[in-house]
Amino acid sequence: MELTLPLLQEQLKAWDGCALSTQSNPVLGEGNPNAKVMFIGEAPGKREDEVGRPFVGAAGKFLDELLQSIDLKREDVYISNVVKYRPPNNRDPSDKEKEQCMPWLKLEISLVKPRILVPLGRHALGHFFPKMGISSAHGKPQKLTTSANSEQTDDVTIFPIYHPAAALHNGNMRQSLFDDFAALRQFLDSQSPTS
């Protein structure tokens, strides 16, 4: 049987390979299954845990606003998280929790096949570039070189952006996020095929 996103969702519901799975509900990504752009946050929050969908709380509403500012909607992109369960009291996910949940994100990426991955915040960025800081990398495209059958390919771009929740805690970050999304729009437009 071929793996699909709905099947992956069902498998995640039955998975208990992370200690958080006994305390909260699984939240897999959602959106366009053929999206060119995939946004990746760190972990579900309280509201996401309650409804089982990513980015539906205050940070999600701001993400919707940011998407709208560059003429995108949730249906145009795919949105997920590194960790699939809410850490207690919205604490940062541990390295172990990120490691345990990473196969799920990798499966989502392999099914959606996005051209651009947008890690939102340092936890998501750390998976792709462990030594890169979000404050120096945000708004700047980075090529991710992957090897397929021992041939080097670099068809995926990592475009780090601050997590929308950062602006909820620090109003000065709002403009930086709008600027990064504008840069993402410019980058997307520059990648569009001319044919």
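Computed from the coordinates by the stated procedures, all read-outs in this text should not be read as laboratory data. In this text, all values refer to a predicted model and were calculated from it rather than measured experimentally. Because the Cβ atoms are built from the backbone with ideal geometry, glycine has one as well, and the counts that use them run over all protein chains shown.
Here are some notes:
- In this structure, the pairs whose alpha-carbon distance is over 29 Å, taken from K13/K143; K36/K140; K46/K96; K73/K131, are K13/K143; K73/K131.
- Span-like helix check, the chain: qualifying full DSSP H segments, with Cα axial length of 24 Å or more and mean Kyte-Doolittle of -1.0 or more, are 95-112, 173-191.
- Matching label, P(r) over Cα pairs in 10 Å bins from 0, in percent computed from the structure shown, candidates (i) 9, 38, 41, 12, 0; (ii) 9, 38, 38, 14, 1, 0; (iii) 8, 28, 29, 21, 11, 3, 0: (ii)
- Going from the residue with the fewest nearby Cβ atoms within 10 Å to the one with the most, C18, C101 rank C18, C101.
- The separation of region 108-148 from region 19-46, counted between C-alpha centres, amounts to 16 Å.
- Overall, the chain carries a charge dipole of about 340 debye about its Cα centre when +1 sits on the Cβ of Lys and Arg and -1 on the Cβ of Asp and Glu, all other atoms neutral.
- Ranked for footprinting exposure by Cβ neighbours inside 10 Å, fewest first, H163, H123 give H123, H163.
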